[in-house]
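Peer 1: Dumping the structure here so I can ask a few things about it.
The values are calculated or read from the model by the stated rules, or taken from the named source; none is laboratory data. Predicted model, so just to flag it, every value in this text is computed and none were measured. Reconstructed Cβ throughout: ideal geometry from the backbone, glycine too, with neighbour counts over all protein chains shown. Ligands, DNA and RNA are stripped out before the accessible areas are found, and what is left, the full protein with its side chains, is counted by its heavy atoms. Shrake-Rupley method; radii C 1.70, N 1.55, O 1.52, S 1.80 Å.
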Amino acid sequence: MIMNNIKRILSLILAFCLIVACFTGCKDKGTSTDAGKTVDYVSKIKLDLNSDTKKQEVSVKSFIDGDTTHFIVPSEISADGTLKARYMGINTPESTGKIEEWGKKASNFTKEKLSGAKSIIIESDNNQWNVDSTGGRHLVWVWYKGADSEEYRCLNLELVQNGLSISCGTTADRYGDAMTNAFQQAKTQKLNVFSGEKDPDFYYGDAYEVDLKHLRANTDAYSGTDVAFEGVITYNNNNSVYVEEYDAETDMYYGMAVYYGYQTGEILNILKVGNRVRVVGSLQYYETGGTWQVSDVSFREFKPEDPGNTIKISEGNAPAYREVSAELFTTGKVDLETISSVDSEETTVQSFDFANLAMSTTVSMKNLKVVDIYTTNNGGNSDGAMTLTCEVDGTTVDVRTIVLHDENGNLLTESDFMGKTIDVKGIVDYFSGAYQIKVFKTEDITVH
C-alpha cells in the first residue's frame, strides 16, 4: 500500500516536471507570437547610427502612396534636392493609378506617421544608395520618431506588421528576418489586407476605381467603360463641369470634362463649383470636340449607399490655376506609364504632350501680347465670343473666350484687347487640332 502511494507520488512529480519543461521549451523557441501573444517587431530592431549603411536625415516633400514618398535631401545625394523613395521590402496596395483595396489606408498610415514625426532618417540596405528597377526611385528603409525622447521606428516594418503590405522582401534584406516574422504574424492575425473583410474606404461597385492621371494617360484603354475618380469641380459650362486633381509624383494637375446633360435634382447640388466629388460615369470620346469626357453620370437618389453613386466629398475648394509658360504649354512633354487594356498588369512608358494631360485643368499664363483676334459671328449664341491669338517669348498661344461683358454689362469686343498685353486664367481646351486656353469670366483676363 505504501509502495503504491510512493509510486503514485513519483508519477505525479514526473508529469509535473515534463509539463514545466514543455512550457519552458516552448517559450524559448517562440519567435512570431511568443506563445500566442502579439509581438511588436518594430520595437525589437534598432537603428544603428554607427553601421556602414548610408543614412540621411530628411524631410517630406510630398506623399505619393503607402510605399513611396518624396524626401528633401542635400544636393550631394540628389542634384535636384529630391529623393524619390521606394520603401525597401514592402508592396502596399495601390492608392494611385488603379485604386486597390486597403490602398488608401496604407497611404494614410504612412502620411500620419511621417507628418507627426520629429525626425525622419532614410537608410540604405548596404553601403550605397540603391535604385529600383525603374532607375528613378531609391530603395530605402524609413525610420521616424515622434519625439526627441523616443527611439526611431522602422516604417517599412510597421506597415508590414499592421497588415498593410501585400508582400515583403527576403531574409537577405538587412531587416529581412523581422520583416518575414511580422508578415507571417499579420497573416495569422488576419490584419487589414489579410482580413478577408471589405475595406471601408474602398468602393465595391462595377466602375474601375482610378485617379485622373491614370485615366488621362489611358483613355483608349478605358473607352466605353464605367470609371470612378475624385477631383475638384472648377467650372460649370454648357451642361458640363470640369474636374481636376493634383498628382504629387509628377507635380501637375490632371482633369476631365464631365457631361451631366439635362439631369435635375440633387445631382446638380453635388456637381457644384468648389465641391470635391467622386464622379462615376462612362468615359466617351466626344467626336464633335475631338476630346474625351465622362458622361452618363451615375446617381441614385434613393440608394445613397450605392457604390455607383456620384457623391460630394467636401465643399469650399478652389481652382488651382497652375501658372504655366507658353513653351511648356505648346511643346512640353511628360512621360507616364500606360496599359494596353483595363485588366493588363503590364505597363509601358509613353511620352505625352503636356497640354494633352492637362486637358480640362485650370491654368494661368502671363504677359501674352494679343496680335490677332477672330470674333464669332454666325447668328448663334456664341456671337461675340473671341479667339485671341497671342505671342509670348516668340511662342504663339490661342486664348478662347465665351461672350464676355464688362461690369456695366457692355459687350467686350476686339478693341478691348487688340495689341494689348494680358494675363489670363482658364481651362486647357482643344479645338481644331490645337490646344488653347478657354476663358469663362471677364475677371479672368487682366489687361496691362
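Peer 1: Return the long-range amide H neighbours of Y286 (sequence gap of 5 or more, or a different chain), with a cut-off of under 5 Å between placed amide H atoms.
Peer 2: T291, W292, Q293
Peer 1: List the pair-distance distribution P(r) of region 157-285, using every Cα-Cα distance, as the percent of pairs falling in each 5 Å bin from 0 up to the bin containing the longest distance, rounded to whole percents.
Peer 2: With 5 Å bins starting at 0, P(r) equals 2, 9, 15, 14, 13, 11, 11, 10, 7, 4, 2, 1, 0.
Peer 1: Based on Cα coordinates alone, diagonalise the gyration tensor for region 274-313, multiply each eigenvalue by 5, take square roots, and list the semi-axes in whole Å, largest first.
Peer 2: Over the Cα atoms of region 274-313, the ellipsoid semi-axes are 24, 12, 6 Å.
Peer 1: Relative contact order, percent, of the chain when contacts are C-alpha pairs under 8 Å separated by at least 6 residues?
Peer 2: Numbers: 942 pairs, mean separation 42.2, N = 448.
Answer for the chain is 9 percent.
Peer 1: Here is a further query. Might you work out the accessible area of D416 for me, using a 1.4 Å probe with all protein chains in place, and round it to the nearest 10 Å²?
Peer 2: Roll a 1.4 Å probe over it and D416 shows about 50 Å².
Peer 1: Next question. Beyond 14 Å, what share of the Cα-Cα pairs of region 307-383 is found? Please give it as a whole percent.
Peer 2: When all Cα pairs of region 307-383 are counted, 79 percent exceed 14 Å.
Peer 1: Moving on to the next point. Return the tail of the calculated pair distribution for region 139-192, meaning the percent of Cα-Cα pairs more than 19 Å apart.
Peer 2: 29
Peer 1: Please express the Cα-Cα pair-distance distribution P(r) of region 261-347 as a list of whole percents, one per 5 Å bin, running from 0 to the bin with the greatest distance.
Peer 2: 3, 10, 13, 15, 18, 18, 15, 7, 2, 0
Peer 1: Now for a different question. Most mobile of E101, E158, E112 per a Gaussian network model of the chain (Cα springs, under 10 Å)?
Peer 2: Largest GNM mean-square fluctuation: E112.
Peer 1: Hey, could you get me the Stokes-Einstein D for region 298-448, Kirkwood radius over alpha-carbon pairs, 25 °C and 0.890 mPa s, rounded to whole µm² s⁻¹?
Peer 2: It comes out at roughly 137 µm²/s.
Peer 1: About the Cα centre, and with charges only on the beta carbon of Lys, Arg (+1) and Asp, Glu (-1), how big is the dipole of region 335-435? Nearest 20 debye, please.
Peer 2: Computed about the Cα centre, the dipole is about 440 debye.
Peer 1: Another question, if that's okay. Send over the Kirkwood Rh of region 50-180, from the inverse of the averaged 1/r over different Cα pairs, rounded to one decimal Å.
Peer 2: 14.8 Å is the Kirkwood radius here.
Peer 1: A further question follows. Along the charge dipole of region 165-278, Cβ charges K/R +1 and D/E -1, which of A182, Y254, L215 sits furthest on the positive end?
Peer 2: Result: A182, furthest along the dipole toward the positive end.
Peer 1: Quick one: compute the contact order of region 345-434, relative version, from alpha carbon pairs under 8 angstrom and 6+ residues apart, as a percent.
Peer 2: Relative contact order of region 345-434: 35 percent.
Peer 1: Shifting gears a bit: Mind grabbing the accessible area of H70 for me, 1.4 Å probe, Å², rounded to tens?
Peer 2: Here the accessible area works out near 10 Å².
Peer 1: Okay, next question. Anything over 21 Å Cα to Cα? Flag those among K54/K105; K366/K420; K105/K187; K333/K441; K44/K113; K61/K438, in the order listed.
Peer 2: With Cα atoms farther than 21 Å apart: K54/K105; K333/K441; K61/K438.
Peer 1: Can you tell which of F431, C168, V342 lies farthest toward the positive end of the dipole of the chain, using +1 and -1 charges on the Cβ of basic and acidic side chains (Lys, Arg; Asp, Glu)?
Peer 2: C168
Peer 1: Could you pull the accessible area for Y285 with a 1.4 Å probe, rounded to 10 Å²?
Peer 2: 100
Peer 1: Rg over Rh of region 95-246, using C-alpha atoms and the Kirkwood radius, what does it come to?
Peer 2: That ratio is 1.04, to two decimals.
Peer 1: How far is helix 176-188 tilted, in degrees, relative to the longest principal axis of the Cα atoms in the chain, given as a value from 0 to 90 rounded to the nearest 10?
Peer 2: In the chain, helix 176-188 runs at an angle near 90 degrees to the longest axis.
Peer 1: I would also like to ask the following. Using a 1.4 Å probe and counting only protein heavy atoms, arrange E407, E337 so the residue with the most accessible area comes first.
Peer 2: Most to least solvent-accessible, the answer reads E407, E337.
Peer 1: A further question on this structure: If I model region 222-306 as equal point scatterers sitting on the Cα atoms and use the Debye formula, what is log10 I(q)/I(0) at q = 0.12, 0.21, 0.25 Å⁻¹?
Peer 2: Cα-only, vacuum Debye calculation for region 222-306: -0.35, -1.05, -1.39.
Peer 1: Okay, moving on. Above 21 angstrom, tally the Cα pairs of region 369-448 and express them as a % of all pairs, no decimals.
Peer 2: Result for the distance tail: 20 percent.
Peer 1: Work the Kirkwood hydrodynamic radius out for the chain: mean of 1/r over every pair of different alpha-carbon atoms, inverted, in Å.
Peer 2: Over the chain, the inverse of the mean reciprocal pair distance is 25.7 Å.
Peer 1: Under a 1.4 Å probe, what is the accessible area of the chain per residue, stated in Å²?
Peer 2: I get 52 Å² per residue for this part.
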